[in-house]
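The values are calculated or read from the model by the stated rules, or taken from the named source; none is laboratory data. Just so it is clear, the structure is predicted and the values come from calculations on it, not from any experiment. As a convention, Cβ positions derive from the backbone with ideal geometry for all residues, glycine included, and neighbour counts pool all protein chains shown. These accessible areas exclude ligands, DNA and RNA; they are computed on the full protein's heavy atoms, side chains included. Shrake-Rupley method; radii C 1.70, N 1.55, O 1.52, S 1.80 Å.
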Amino acid sequence: MLEVKNVTVKYKNIVGVRNVSFKADSGEIIGFIGADGAGKSSTMHAIAGVKRFEGEIIFRGQVYHSPKEAEKIKPQLSLMPQGLGLVLYDNLSVKEHFEFFRNIREVKRDIEYEKRLLNMAGLYEFQDRLAGHLSGGMRQKLSLILALLPRPKLLILDEPTTGVDPISRRELWDIVDGFRKKEGIIALISTAYMQEAEKMDKLLLFDEGEVIARGKADELKESIKDYTYEGEIESEDCFSFNNRTYSLKPLNLKKASPLLEGVFFVNALKKGKKNLKIELEEKEAKLSEVVVKAEGLTKKFGSFIADDHVDLELKSGEILGLLGANGAGKTTFMKMLLGLYPIDEGELYLLGKRIKSYEDRLELKSKIGYMSQRFALYEEMSVKENMEYFAKMHDLSPKETKEKIEYFSTLFGFKKYLNDFPKDLPLGINQRFSLSVALLHEPVVLFLDEPTSGVDTIARATFWKFLREIKEKWKISILITTHYMSEAEYCDRVVVLKRGKKIVDDEVKKLHEKFPGLSFEEIFIKYYEGSA
Amino acid sequence: MKLGVVKAYLKKEFIDLWRSKMIVMVYLIPMMVVILFGYGIRMEVTHSRTVIIDRDNTKMSQEIIRAFSTTKYFDTKVLNITDNEALRLIKQNKADLFIIIPHNFEKNLMHSRNAEIAVYIDGSFPLRATTLEGYVQGVFLNQLEKNGVKVPFKINQRNFFNESMRDENGIIPGLIGLTMLIAPAIIAALLIVKEKEAGTIFNFYSSPVSKIEFLIAKLTPPFILYSFNTFILFLIAVYIFKVPFKGSFLLYFLASEIYIVISIGIGLLVSIITSRQVTALVLTVLITVIPGFLYSGILMPISSMTGESYIEAHMFPVMYYNHLLYDAFLIAQGFNSPKNVEYFFILIFYAAALLFIGSLLLKKELK
Ligand SMILES: Nc1ncnc2c1ncn2[C@@H]1O[C@H](COP(=O)(O)OP(=O)(O)OP(=O)(O)O)[C@@H](O)[C@H]1O
Ligand SMILES: [Mg+2]
């Protein structure tokens, strides 16, 4: 029903994707997986008719070769582009978005259906809130249900679950799944969550602008089972992540059942890529035992309480995961710690110092690094210029700056993008260099708001390795939010927020002892649904 | 065209203009420009410190000096100094201009020989300098005419119609023309580029919304909003600056509406080639301000332009609108003058052409 023949997408001086061909039948969900910048979005844009391409696409008998010819299929199509709520108007409320999309797509109001969508996204009670005031994940969910609103026959979702919490991710999946069975739609979905990818009917694995493998998740996993071992080790010739090690050479380790993400690692190894060694020099840091101490921090937006008397302690040399569903108040909490939002109630101590005014923060500035969820980069400057700019703000010498840029761009693999503008880059690449910006001035405390959302598996593995290394060698304390429950395993301790209230504050080890045999995701859901 | 789609887009556009406070910009900026510049320019050109060096010492030269001393535009001092000393006065900012009436000035004039006077004006503020130049010419002109002398120098057209020699009369309509060129273009460009920058442009690209629907939705708001501005600016000119309005309001209004379309058309073109708001803003200002100033008649009357600049002036729509604007305010020939009719149609042509080109170039796809 959908037939893509030899599609190539070119940009000014690079090829986005080359010779992609595949077929999809109605009722099928096709998953696009692959590294950031591998060509998934380019393919989606071509099929959605918003980007010029070479080749031919046929959907339900309609043939098109260009965006212009694709006009005729647009009434049957919904595209959700990548990014946190990219298609939303900050000054329009949730309700107004529904009205706008209903009208421009010329769909009749179906109150029952809309109610279901809103409930599913957990936005029913927030219909009057402006999109600009929604949390990152809430924005993402709103974009998704707006894409579903016109009941499209061809649904193209570019990383729809980036930044969406585990519970909502399951609900989202259910709705898309139910939808395709009932209405026989074709859905093309790219994702960085391999659990999701496993559920899709067919997967296309993209790498460097080409589809290098395809098939069901099981078939892909089968293809790497000879290279998968249990446990994690440190070596140049193999990659380790999520309690698995992937190696082309035989290892003296127990074989394990492969995870889908292993496909990326094995592919990288086959291409002769080395696992980057990260070895930092030991640094002595004299820090107080507790670097952040929040007592009863509270934030209100009008009558809505985003954070309700939250206590939190971040100890020196610790990675603390701040978890919770979308809209639970994680970003708001971090912003209070940083002074980006005034604190309505409660007391805050940073590095042993009571924070009352702006002046109190000034001298701490050089000690704190922050990476925001919707990055605060300058769109008018290239990646390199951005980094130079921030380096200057922190009084780094030109020589130091150059070294740092070289170091981080190699470490996180964005060297070839240094002269591009943030806007033109895949989300995952932007995440990486935002993180580098937060690290430039060698802070002792790091606040990271969903640094790995939308970042591909290999980069996430590198990233976590780096975090653990700076924690151990430099004694940096890290407060991090994430919706990857598997990443929570890398934290020393987690704090879980639910609707602005703290419901868990415990060591990861202890939680596992409490619930033997459960994955962290299962533990999280247990707490969240109130059954623990 | 699907009306429901256009309506939905328009509603969103207005809500956004209102909540993002962009609406303040729409009204405040043109008003501020006209009022501030209007006052600013007016204050600069009264009481300019003038040094007259009279080397002729005749009845006529005395008369000229008297003429200069009796207007509020000049604070005259008659000094007996050398050219260099006078120049130094300007450099030290102790004088704004000096005038040298040379030896034998009267005699040369009477014998219809080339009579030259030297005028040195501090050019650090060019606009003021040009205005002052016009004044000086005006005073001489008046004076010589009284004495029945046919003058060989060119007359500033603006002052010609601006008999009372009130500067506002010339400047304010010019400023209206300038703002009406810049401001709607900026808003039109920003409304589109904003969506590109945020990513919301995908709602247009990937939906069945047609190019025409999108354009109507995007260009109508600035058009309507600035239509009100034509009234506001008119009232400011007539009531605050007391500029006479001698001609037809209909002509003023119609010409302004067409001019707004032209400006919006420029904004549309800018929005097609840019994808960031800052770039769009800077580019629009660059494209509109320079011709807007040059060919508005504020700096230099078109009639005194020669060669290339004369042709260039005729290439931009600015001159045509300003001509109609001055006619509406000061001259009042209206549609009786074939030139005005011609200019009116030229404006319509520009508006149609810009919109046409814009809608052709607009693509429903990513770059
Ligand atoms: N300026 C604001 N005005 C009103 N409500 C706001 C504002 N900023 C945030 N909120 C609300 O506060 C709540 C918490 O938002 P926050 O961004 O802290 O969530 P989060 O835990 O970071 O979620 P996510 O996982 O989606 O990023 C949300 O319901 C959000 O809509
Ligand atoms: Mg958040």
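Can you find even one residue in the range A:92-101 that is open to solvent by less than 30 Å² (accessible area, probe 1.4 Å), within 16 Å of ligand 1 (Cβ to nearest atom), within 13 Å of chain B (Cβ to nearest Cβ) and assigned to a strand (DSSP E or B)?
Within the range A:92-101, the subset open to solvent by less than 30 Å² (accessible area, probe 1.4 Å) is A:92-94, A:97-98, A:100-101.
If we keep only those that are within 16 Å of ligand 1 (Cβ to nearest atom) too, we end up with A:92-94, A:97.
Then keep just the ones that are within 13 Å of chain B (Cβ to nearest Cβ); that gives A:92-93, A:97.
Subset that is assigned to a strand (DSSP E or B): A:93.
The answer is yes, given that some residue of the range A:92-101 is open to solvent by less than 30 Å² (accessible area, probe 1.4 Å), within 16 Å of ligand 1 (Cβ to nearest atom), within 13 Å of chain B (Cβ to nearest Cβ) and assigned to a strand (DSSP E or B).
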Test: residue in the range A:55-77 that is closer than 26 Å to B:R19 by Cβ and acidic (D, E): no
The range B:335-367: number of residues that are part of a helix (DSSP H, G or I) and basic (K, R): 1
Pick from the range A:343-383, criterion open to solvent by 50 Å² or more (accessible area, probe 1.4 Å), within 16 Å of ligand 1 (Cβ to nearest atom) and not basic (K, R), ranking: farthest from the other protein chains (Cβ to nearest Cβ): A:E345
Checklist (1) more than 16 Å from ligand 1 (Cβ to nearest atom); (2) charged (D, E, K, R); (3) touching a Gly at 6+ places or on another chain (Cβ under 9 Å) applied to A:E400, failing item: (3)
One residue from A:E529, A:E521, A:E507 being farther than 27 Å from A:K273 by Cα and touching a helix residue (DSSP H, G or I) at 6+ places or on another chain (Cβ under 6 Å): A:E521
Unique match (being open to solvent by less than 10 Å² (accessible area, probe 1.4 Å) and not hydroxyl-bearing (S, T, Y)) among B:I224, B:I287, B:I192, B:I273: B:I192
Residue in the range A:161-168 that is within 16 Å of ligand 2 (Cβ to nearest atom) and surrounded by fewer than 20 Cβ atoms within 10 Å (Cβ to Cβ) present: yes
Failed criterion for A:D360 (all others in (1) in contact (Cβ under 8 Å) with a residue 12 or more places away in the chain; (2) farther than 30 Å from A:R244 by Cα hold): (1)
Positions within the range A:130-160 being touching a strand residue (DSSP E or B) at 6+ places or on another chain (Cβ under 6 Å) and either open to solvent by 30 Å² or more (accessible area, probe 1.4 Å) or without any contact (Cβ under 8 Å) to a residue 12 or more places away in the chain (or both), in sequence order: A:L130
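State yes or no: is A:E114 touching a helix residue (DSSP H, G or I) at 6+ places or on another chain (Cβ under 7 Å), assigned by TED's automatic domain parsing to the domain that holds A:A187, away from ligand 2 (no atom under 16 Å from the Cβ) and open to solvent by 10 Å² or more (accessible area, probe 1.4 Å)?
Against the criterion (touching a helix residue (DSSP H, G or I) at 6+ places or on another chain (Cβ under 7 Å), assigned by TED's automatic domain parsing to the domain that holds A:A187, away from ligand 2 (no atom under 16 Å from the Cβ) and open to solvent by 10 Å² or more (accessible area, probe 1.4 Å)), A:E114 qualifies.
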Boolean, A:A46 is within 12 Å of chain B (Cβ to nearest Cβ) and open to solvent by less than 10 Å² (accessible area, probe 1.4 Å): yes
From the options A:L322, A:L314, A:L276, A:L340, residue that is open to solvent by 50 Å² or more (accessible area, probe 1.4 Å) and either in contact (Cβ under 8 Å) with a residue 24 or more places away in the chain or more than 22 Å from A:E450 (Cβ to Cβ) (or both): A:L276
Test: residue in the range A:63-72 that is part of a strand (DSSP E or B), out of contact with any helix residue (DSSP H, G or I) (no Cβ under 8 Å at 6 or more places or on another chain) and not small (G, A, S): no
Residue that is within 21 Å of B:L362 (Cβ to Cβ) and outside the structural domain of A:T457 (by TED's automatic domain parsing), where the choices are A:A70, A:A38: A:A70
Residue in the range B:313-334 that is least open to solvent (accessible area, probe 1.4 Å), counting only those that are out of contact with any helix residue (DSSP H, G or I) (no Cβ under 8 Å at 6 or more places or on another chain) and in a helix (DSSP H, G or I): B:H314
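Report the residue count in the range A:467-507 for those that are aliphatic (A, V, I, L, M) and assigned to a helix (DSSP H, G or I).
First pass over the range A:467-507, keeping only residues aliphatic (A, V, I, L, M): A:467, A:470, A:476, A:478-480, A:485, A:488, A:494-497, A:503-504.
Still in the running and assigned to a helix (DSSP H, G or I): A:467, A:470, A:485, A:488.
Looking only at that region, the number is 4.
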Given (1) within 12 Å of chain A (Cβ to nearest Cβ); (2) in contact (Cβ under 8 Å) with a residue 40 or more places away in the chain; (3) of a type in the set (S, T, N, Q), number of the condition B:N229 does not satisfy: (1)
Criterion violated by A:E219 - all others in (1) among the acidic types (D, E); (2) open to solvent by 40 Å² or more (accessible area, probe 1.4 Å); (3) out of contact with any strand residue (DSSP E or B) (no Cβ under 7 Å at 6 or more places or on another chain); (4) touching a residue at least 24 places away in the same chain (Cβ under 8 Å) satisfied: (4)
Wholly enclosed helices (runs of 4 or more DSSP H) of the range A:125-201 bearing at least 2 residues within 16 Å of ligand 1 (Cβ to nearest atom) and of a type outside the set (V, I, T): A:136-148, A:166-183
